[in-house]
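One structure is given below, encoded as structure tokens.
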Amino acid sequence: MSVSRRTFIAAAGASVAAPAVLRVTRAHAAEVTMKLHHFLPPVASVPKHMLEPWAKRVEEGTGGRLKIELYPSMQLGGTPPQLYDQAKDGVVDIVWTLPGYTAGRFPSTEVFELPFVAARSARINARAAQEFAEEHLKEETKDVKLLCFWCHDHGLIHAKRQVKTMEDLKGLKLRFPTRLAGEGLKALGASPIGMPVPQVPESLAQGVIDGAVIPWEVVPSIKVHELVKYHTEIPGSPTFYTATFMLAMNRAKYESLPDDLRKVLDEQSGMALATEAGKMFDDIGAEISEMVKKRGNVISAISEEEKARWIEATKPVIDNWIKEVQGRNIDGAKLLEAAKASLAKYEKA
């Protein structure tokens, strides 16, 4: 069928107007899609309540132009200790990982992991850690774009037997997440065994370990409350241990983004994300603690007198760390002072 001149002109007129419609469509289409790789299942608290909402906020803030896809449980290959290098080398775009999985590689981050330095609350720890990172971690993380650096709340001892004193720790095989938590446990008489958190359930089930040092937040996703009966808290601040986390991005990928997309990414990361992380750990931790208690597990806390013994016993760990990093031209005492100052600042906030 032939097309009349009037029909053709009408169609041509519509085509002139079409780019405006197409521009709207394109503005909502993902111009950049990035892969975020991490080590926990998608149902775990950090992926579900922190990383997924963060990715959604970034996507919404860019009008859908920047999309972040999450790949949990090491789906893209490798092991948790390899995550940082995956981001550095561009194997993936973004990773969530623990500096402690590569012991000694990021010595300045360890200041928050020293025994009895961090606060009980993640709200305090996370903001203090991010502030610290902005001042003191630029050199150690120069190979990537550090989007956020934070700590969780107080870690507990979850074990197959009850722990009330240092004597109860003697010979107890406990999983630790960072080398300094391991050294702290050793100073208290335990037998520390290091491993990434995904290995904990099988290791508990097979008797490789008698327990684990982890925060409440991760307990359900690795079924620790089903594998042990006893959970020991350390009262108040400072707490025995925390672990630090990194959300790190391939630097070349970050720098390749248009300015307006980088601006949204920056606004949703850094201190804003650290604050969200702290709130999430504290809120989820309280919920999980109550769930575990209702299940019938035994939750207890060491006494303040016992805590004083633990602090005294672990002081050499701090002294040795300061000497150790001094050999790498790092003023550990100055970093410790800076970390404590940030913690005190947010304790009052």
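What follows draws every value from the coordinates through simple rules; no lab data is involved. Here the structure is a predicted model, which is why all the values come from computation and not from measurement. No Cβ is skipped: glycine too gets one built from the backbone with ideal geometry, and neighbour counts run over all protein chains shown.
For the reader, a short list of remarks on this structure follows.
- The mean sequence separation of alpha-carbon pairs under 8 Å and at least six residues apart, normalised by the residue count of the chain, gives a relative contact order of 24 percent.
- Point-charge dipole on Cβ atoms (K/R +1, D/E -1) for region 188-312, about Cα centre, debye to 20: 300
- Cα long-axis angle, helix 332-348 against the chain (0 to 90 degrees, to the nearest 10): 70
- Length-normalised contact order of region 109-156 in % [C-alpha pairs under 8 Å, at least 6 apart]: 51
- Maximal additional length on extending the Glu337-Glu226 stretch stands at 36.0 nm, based on 0.36 nm per residue less the C-alpha distance.
- Once both labels are positioned 7 Å from their Cα atoms along Cα-to-Cβ, the gap between Lys186 and Glu31 label points is 5.2 nm.
- Zone of Lys164's modelled label, taken as backbone nitrogen in region 292-336 under 20 Å from a point 7 Å along Cα→Cβ: 293, 296-311
- Net charge of neighbours whose Cβ lies under 10 Å from the Cβ of Pro107, counting Lys and Arg as +1 and Asp and Glu as -1: -1
- Inter-probe distance in nm under a simple model that places probes 7 Å from Cα toward Cβ, at Glu202 and Ala286: 3.7
- In nm, spacing of pseudo-spin labels at Asp319 and Asp259 (7 Å Cα→C-beta vector): 5.5
- DSSP beta bridges in the chain [antiparallel fraction, %, rounded to 5]: 50
- Helix-derived mean residue ellipticity, 222 nm - over the chain, DSSP H n ≥ 4, -39500 (n - 2.57), to 500: -14500 deg cm²/dmol
- For region 231-299, the number of Lys pairs separated by eight or more positions or lying on different chains, with C-alpha atoms closer than 26 Å, is 4.
- A Förster distance of 35 Å, applied to the separation of the beta-carbon atoms of Ala301 and Glu69, puts the FRET efficiency at 0.25.
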